[in-house]
Amino acid sequence: MGINIISTGSFTSNEILDNIQLSEMVDTSEEWIIERTGIKTRHIASDFTTEDLAANACDNAIKNANLNKDDIQLIIVASVTSDTVVPSSSFLVSEKLDIKNCTCFDINVACSGFIYSITVAKALMASLNIKYAAVIGAEKLSKVVDWGDRASCVLFGDGAGCVILENTDITNTAKNSKFNCQLEIVANTIGGNFDYKKYLTIARKDKIDDQVNPFIKMNGRQIYKFATEIGIEVIDELLKKSNINKDELALIVPHQANSRIVDTLAEKSGIDKKKWFINIDKYGNTSSASVPIAMDEALDSFDFESNRGKYIISLAFGGGLSFGGILVKII
Ligand code: ACO
């Protein structure tokens, strides 16, 4: 009994920007982008706000859980691209879906935001006796991408993903699970280090100076180095906390920042590359939305039956610089 993932959902627009189109905008090439990042296309949400993306992903996840909208008592939106400051994106999602009497707030931890949000939701659900929560990662990064900077504009995309959590200590059942099994979150880890904050910034429009601008400014090499070091520490920490070994892992759902980061993590951790889920080719890096979109696709096609008793890890790293991970037991 505990906090279980019972359903997932995601949403992206149909508008696609491919590498050929990008190479007409900046000095780059399809070969460079695929070889250095693994990205083939990304979705651009011209006709949607961040909150539209979030609400659509949440709606899909609630439907997949066979719940009524009013069963949701807590909504957390992880985002760095909210359309308003007040009210928060999560309140706008509750309004769009007409979910009344719901606790709502946002979390901004860049690409680690969704993992932080799951961790916070889990703790709140236990302490406030919340039955069901919707945890969303949603981004319209296209509005903060510098479309003239070839080193960063090829990386990012728009989208949203959502996970529904159930507090089985209260409901005494996980029968709503979309997955025909229980997915209990058994360990979490989150953290960060401001020493590296300059390596990834997006400034508010009223706070621009010669150091920061309103677009994504990134030192790709430094983030790459950070990600491939901290990812290993996150995995080790989760395994240690639960006293299990890496052979008991069935699936890894990492933040989709660069397929080469995932390759390096697989090699350094010694966890079979086949267990690492990758969909960056379709979406690029969608920051807070990356993990829940990946989770939605990874869990949809996963063989739970033959992996009962094993574990899933999801991990992320990003602006802050920040990091986090969750360990899920397949029961
Ligand atoms: N097309 C062609 N050439 C390019 C491009 C491009 N789009 N971008 C850079 N180059 C050039 C550079 O100018 C450089 O040329 P030079 O050797 O003549 O100086 C060369 O390619 C190599 O550049 P590097 O920066 O060393 O390339 P690298 O292999 O490190 O790849 C990348 C760059 C893809 C950005 C990589 O470092 C990366 O993925 N880093 C992690 C990024 C990340 O995870 N960010 C997460 C932040 S998201 C968030 O938190 C909101």
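Since every read-out is calculated from the coordinates, none of them should be taken as a lab result. All figures in this text were calculated on a predicted structure; none of them were measured in a lab. Neighbour counts run over all protein chains shown; Cβ positions are idealised from the backbone, glycine included.
May I ask which of Lys131/Lys246; Lys63/Lys282; Lys241/Lys310; Lys143/Lys329; Lys140/Lys273 have a Cα-Cα span longer than 27 Å here? Those over the limit are Lys131/Lys246; Lys143/Lys329; Lys140/Lys273.
Under 18 Å of direct C-alpha separation, and excluding same-chain neighbours fewer than eight residues apart, Lys198 reaches these lysines: Lys207, Lys217, Lys225.
Summed over qualifying helices (DSSP H, 4 residues or more, each -39500 (n - 2.57)) and divided by its residue number, the chain shows a 222 nm mean residue ellipticity of -10000 deg cm²/dmol. For the chain, the spread of Cα coordinates along the three principal axes comes to 57, 45, 36 Å, biggest extent given first. A Cα-only calculation for the stretch 1-108 places Rg and Dmax at 17.5, 54 Å.
For Asp195 and Thr173, FRET efficiency with R0 = 35 Å and r from the beta-carbon atoms, rounded to 0.05? Don't skip to the end; give the middle numbers.
On the way: r = 46 Å, r/R0 = 1.31.
According to the calculation, E is roughly 0.15.
Once the gyration tensor of the Cα atoms in the stretch 252-291 is diagonalised, the equivalent ellipsoid follows with semi-axes of 18, 9, 8 Å, ordered largest first. Near the amide H of Gly38, under 5 Å away, which other amide H atoms are found, from residues 5 or more places off or on another chain, if H is placed in the peptide plane? Amide H neighbours of Gly38, under 5 Å, 5+ apart: Ser259. Between Asn101 and Gln21, the FRET efficiency from the beta-carbon distance, with R0 = 56 Å, is close to 0.80. Per-residue Karplus couplings for the stretch 279-285, computed as 6.51 cos²θ - 1.76 cosθ + 1.60 with θ equal to phi - 60°, are listed in order as 9, 4, 4, 8, 10, x, 8 Hz, Gly and Pro entered as x.
Over the stretch 240-328, what is the percentage of antiparallel beta bridges among all DSSP beta bridges, to the nearest 5? It would help to have the intermediate numbers written out before the result.
Working: 7 of 13 bridges.
Around 55 percent antiparallel, to the nearest 5.
Short to long, the 10 Å bins of the Cα pair-distance histogram for the stretch 115-209 hold 12, 31, 27, 20, 10, 1 percent of all pairs. Screening the chain for whole DSSP H helices with an alpha carbon extent of at least 18 angstrom along the helix axis and a mean Kyte-Doolittle hydropathy of at least 0.5 yields 113-127. Remark: the stretch 320-331, residue by residue, has Karplus-estimated 3J(HN,Hα) of x, 6, 10, 7, x, x, 10, 10, 10, 9, 8, 10 Hz, where x stands for each Gly or Pro and the curve is 6.51 cos²θ - 1.76 cosθ + 1.60 at θ = phi - 60°. With viscosity 0.890 mPa s and temperature 25 °C, the Kirkwood radius over alpha carbon pairs of the stretch 242-319 converts through Stokes-Einstein to a diffusion coefficient of 189 µm²/s. On a C-alpha basis, how far is the centre of the stretch 234-311 from the centre of the stretch 100-168 in Å? Whole number, if you could? Cα centroid to Cα centroid, the span is 18 Å.
In the neighborhood of Asn279, defined by Cβ-to-Cβ distances under 13 Å, what is the net charge if each Lys or Arg adds +1 and each Asp or Glu adds -1? Let's see the in-between values first.
Numbers: positive: Lys40, Arg42, Lys282; negative: Asp281, Asp296, Glu297, Asp300.
Net local charge, Asn279 excluded: -1.
Modelled this way, with points 7 Å down the Cα-to-C-beta line, the labels at Asp281 and Lys225 are 3.1 nm from one another.
Which translational diffusion coefficient, to the nearest whole µm²/s, is obtained for the stretch 187-331 from the Stokes-Einstein equation, given a Kirkwood hydrodynamic radius over C-alpha pairs, 4 °C and 1.567 mPa s? Each step should come with its number before you reach the end.
On the way: Rh = 16.0 Å.
Stokes-Einstein gives a translational diffusion coefficient of 81 µm²/s.
When +1 charges are put on Lys and Arg Cβ atoms and -1 charges on Asp and Glu Cβ atoms, the dipole computed for the chain relative to its Cα centre reaches about 720 debye.
A straight chain from Ala203 to Lys69 at 0.36 nm per residue would run longer than the Cα-Cα distance by 44.7 nm.
Site pair Asp149 and Ile232 shows an inter-label distance of 2.9 nm when each label is modelled 7 Å from Cα along Cα→Cβ.
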